[in-house]
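Heads up: the structure comes next, in structure tokens.
The values are calculated or read from the model by the stated rules, or taken from the named source; none is laboratory data. Predicted model only: the values in this text are computed from it and were never measured. Glycine also receives a Cβ, built like all others from the backbone with ideal geometry; neighbour counts cover every protein chain displayed.
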């Protein structure tokens, strides 16, 4: 079943030197699956994630033939209607918890605010729900965390709090934009496992944006590889290592590996033809 | 004889009941020309060790010896000619209003060089940027190019030891490969000694000969890379790290 259907998405930024196309005609669908989007910085992967929520700020311009959320076209919605979509039906976890949590509000107040905004409940019920969510993301002393401020949290805890906050309205789709790149390897797994169980239990669709190929190969079901604003390759995550596109191969080969020591790492040789080639469709 | 040796190093921040012991009793030695890695999760004190060596962490005790000379609270000018550091975030470690020429020129001037003009060009060639980057500002450079400038700045006084604090963790994998290759080349060219901090075991495995695993401010294990590759780490925490990074 298709949750999300994006057709011919473009994101443009007018500049003094003409219009810069950051995302160029991307199409893909998302079912109840974990879809990975990988690419280097500047490949347009984050902008793709943001445009699904129509979060491209002016002067940026986004266009798309349609973005269907269960048949409901987001492109025709007013800004007011979009607010009912953001958070409620599609949530987003950003890269760095330090910049996404309000530094002058306690964690508890922020989570409760998120919940009360979308549900007509009193404070007591919201508090209970917030505690429950914090427990769901394996935070050990939720009462203490509720009273704390974001700067008192470690990166891993901050990111788990963000996930708790994003999942509270029970959205259909979760967009995670590099949710673990600010975290340590050991904490990374923990956060991913939590996200994985929550997504599975609730039957949500997950868009996982990352630059880490190994992580995506392990964690996702399907992967879109983006280069210069276009999708250059689509493959199943477990077959990522057999990817054919020279760009994907180059990225894979440039990683140092513990099991295969090499004197020199391969450096990616970019071919201008890659960015000229038409976008591959990410539809099933 | 070892180029750099650290014995019973303790580093702490704050005092009284706010005191945090960031590094506890760390001891290791790095031979001349060797590349030594420090790995561990954030907060394990690996960067703090580098900061203590360069004098950026004021409160420390223990012995730090560089090239046979013991380091006191006050560091001599010769110390900075021997030891230089490259920082993690190339976006934060360059002055936004200084051009590459100013950054390198000032460093060279402070170290008492007189042939600054030719040295700036040589440094830029060394790090694979070339003279055309000389009058650019940091915002005109990509992340990888900035890190190259940061490396050039560290190389300016012709040091013997480079302390690398996560030099590639802010960069893309494709750019990371370029920088790691550059660092490997520079090491052979200039006979440098590296101490490299990273949370990425595969990067350390690629760059270093030996490594120390840190947890909660303590070095729990020192091993060579062959041991790491064969997954023969003895300490449970190192094994856990190895599992997580495969």
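Brief remarks follow.
- If only residues of the range A:141-179 that are under 10 Å from residue A:97 (Cα atoms) and part of a loop (DSSP other than H, G, I, E, B) are counted, the one that is nearest to the other protein chains (Cβ to nearest Cβ) is A:154.
- With a requirement of 1 or more residues that are surrounded by fewer than 16 Cβ atoms within 10 Å (Cβ to Cβ) and modelled with pLDDT under 90, the strands (runs of 3 or more DSSP E) lying completely within the range B:1-101 that satisfy it span B:2-13, B:20-31.
- Residue within the range B:142-162 that is within 14 Å of another protein chain (Cβ to nearest Cβ), surrounded by fewer than 21 Cβ atoms within 10 Å (Cβ to Cβ) and more than 20 Å from the chain's Cα centre (by Cα) present: yes
- Pairs with Cβ under 9 Å, 6+ apart, first in the range A:116-140 and more than 14 Å from residue A:167 (Cβ to Cβ), second in a loop (DSSP other than H, G, I, E, B): A:116/A:122; A:117/A:87; A:117/A:169; A:125/A:119; A:126/A:119
- Candidates B:82, B:65 - the one that is within 17 Å of the chain's Cα centre (by Cα) and farther than 23 Å from residue B:198 by Cβ: B:65
- Filter pass, residue A:146 being buried (at least 19 other Cβ atoms within 10 Å of the Cβ), touching a helix residue (DSSP H, G or I) at 6+ places or on another chain (Cβ under 8 Å), under 22 Å from residue A:178 (Cβ atoms) and at pLDDT 85 or above: no
- Residues located in the range A:166-192, provided they are over 25 Å from residue A:42 (Cβ atoms) and at pLDDT 85 or above: A:171, A:172
- When A:272, A:256 are screened for being more than 9 Å from chain B (Cβ to nearest Cβ) and at negative phi, only A:272 passes.
Listed here are the residues, each with its yes/no results for (1) away from every other protein chain (no Cβ under 14 Å); (2) buried (at least 23 other Cβ atoms within 10 Å of the Cβ); (3) not in a loop (DSSP other than H, G, I, E, B).
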| position | (1), (2), (3) |
| --- | --- |
| A:183 | no, yes, no |
| A:190 | no, no, yes |
| A:196 | yes, no, yes |
| A:248 | no, no, yes |
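- Positions within the range B:217-239 being buried (at least 16 other Cβ atoms within 10 Å of the Cβ) and free of Cβ contacts under 8 Å to residues at least 12 places away in the same chain, in sequence order: B:227
- From A:31, A:36, A:25, residue being touching a residue at least 60 places away in the same chain (Cβ under 8 Å), surrounded by fewer than 22 Cβ atoms within 10 Å (Cβ to Cβ) and within 18 Å of residue A:225 (Cβ to Cβ): A:25
- Matching residues, the range B:202-212, being within 12 Å of another protein chain (Cβ to nearest Cβ) and in contact with a strand residue (DSSP E or B) (Cβ under 6 Å, 6 or more places away or on another chain): B:204, B:207, B:208, B:209, B:211
- In the set (1) under 30 Å from residue B:231 (Cα atoms); (2) away from chain B (no Cβ under 14 Å), residue A:212 fails one condition alone, (2).
- Inspection of the range A:131-141 identifies no residue that is surrounded by fewer than 18 Cβ atoms within 10 Å (Cβ to Cβ) and closer than 29 Å to residue A:29 by Cα.
- The range A:76-87, residues that are closer than 30 Å to residue A:187 by Cβ and either over 16 Å from the mean Cα position of the chain (by Cα) or at pLDDT below 85 (or both): A:87
- Among the candidates A:255, A:240, residue that is within 20 Å of residue A:192 (Cβ to Cβ) and touching a strand residue (DSSP E or B) at 6+ places or on another chain (Cβ under 9 Å): A:240
- Close pairs from the range B:17-28: first under 10 Å from residue B:218 (Cβ atoms), partner loosely packed, with under 15 Cβ neighbours inside 10 Å, Cβ under 7 Å, at least 6 apart: B:25/B:8
- Residue match in the range B:219-237 (condition: within 26 Å of residue A:178 (Cα to Cα), in contact with a helix residue (DSSP H, G or I) (Cβ under 8 Å, 6 or more places away or on another chain) and within 12 Å of chain A (Cβ to nearest Cβ)): no
- Considering the range A:223-242, the residues that are in contact with a helix residue (DSSP H, G or I) (Cβ under 6 Å, 6 or more places away or on another chain) and outside any helix (DSSP H, G or I) include one that is nearest to the other protein chains (Cβ to nearest Cβ), namely A:227.
- Every residue from the range A:54-75 that is farther than 22 Å from residue A:204 by Cα, more than 19 Å from the chain's Cα centre (by Cα) and at pLDDT below 90: A:58, A:59, A:60
- In the range B:176-197, the residues that are over 16 Å from the mean Cα position of the chain (by Cα) and facing chain A (nearest Cβ under 8 Å): B:177, B:178
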